[in-house]
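Peer 1: My structure is below; once you've seen it, I'll send some questions.
The values are calculated or read from the model by the stated rules, or taken from the named source; none is laboratory data. Being a predicted model, the structure only gives us computed values, none of them experimental. Reconstructed Cβ throughout: ideal geometry from the backbone, glycine too, with neighbour counts over all protein chains shown.
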Amino acid sequence: MMMMSKECAVSGKKPLKARKISFSNKKHNRRQEPNLQLKRFWLAGEKRFVRLRVCTRVIKLATKIGLESALKQYNTTLQDALKV
């Protein structure tokens, strides 16, 4: 079984380090994960579906302007997005 990285395939958004601060002002390290979803996109040029693990911002952008335009806006190719 292959481990999936917690990284957006299109935008490259990764987890951030943050600190949880309790009421008594104790500080603990934690991770802020990006909101990643598995989404199936239709490629009109290739007449097929591709399944990508992308963040919700990319889903919103791709439904608005199309996946090819969203890839171009983030300066990535489809082959790079499928590798992640």
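Peer 1: Across segment 52-66, what is the number of residues that are of a type in the set (Lys, Arg) and either touching a residue at least 60 places away in the same chain (Cβ under 8 Å) or under 13 Å from residue 12 (Cβ atoms) (or both)? Full working, then the answer.
Peer 2: Going through segment 52-66, the residues of a type in the set (Lys, Arg) turn out to be 53, 57, 60, 64.
Those left that are additionally either touching a residue at least 60 places away in the same chain (Cβ under 8 Å) or under 13 Å from residue 12 (Cβ atoms) (or both): 53, 57.
Within segment 52-66, residues that are of a type in the set (Lys, Arg) and either touching a residue at least 60 places away in the same chain (Cβ under 8 Å) or under 13 Å from residue 12 (Cβ atoms) (or both) number 2.
Peer 1: May I ask you to list pairs of residues, at least six apart or on different chains, whose Cβ atoms are under 8 Å apart, with the first in segment 67-83 being under 16 Å from residue 44 (Cβ atoms) and at pLDDT 90 or above and the second being part of a loop (DSSP other than H, G, I, E, B) and not hydrophobic (A, V, I, L, M, F, W, C)?
Peer 2: 68/45; 71/77
Peer 1: If you don't mind, there's one more thing I want to ask. With under 18 Å from the mean Cα position of the chain (by Cα) and surrounded by 10 or more Cβ atoms within 10 Å (Cβ to Cβ) as the only criterion, which of 17, 39 stands out?
Peer 2: Values: 17 fails: surrounded by 10 or more Cβ atoms within 10 Å (Cβ to Cβ).
The conditions single out 39.
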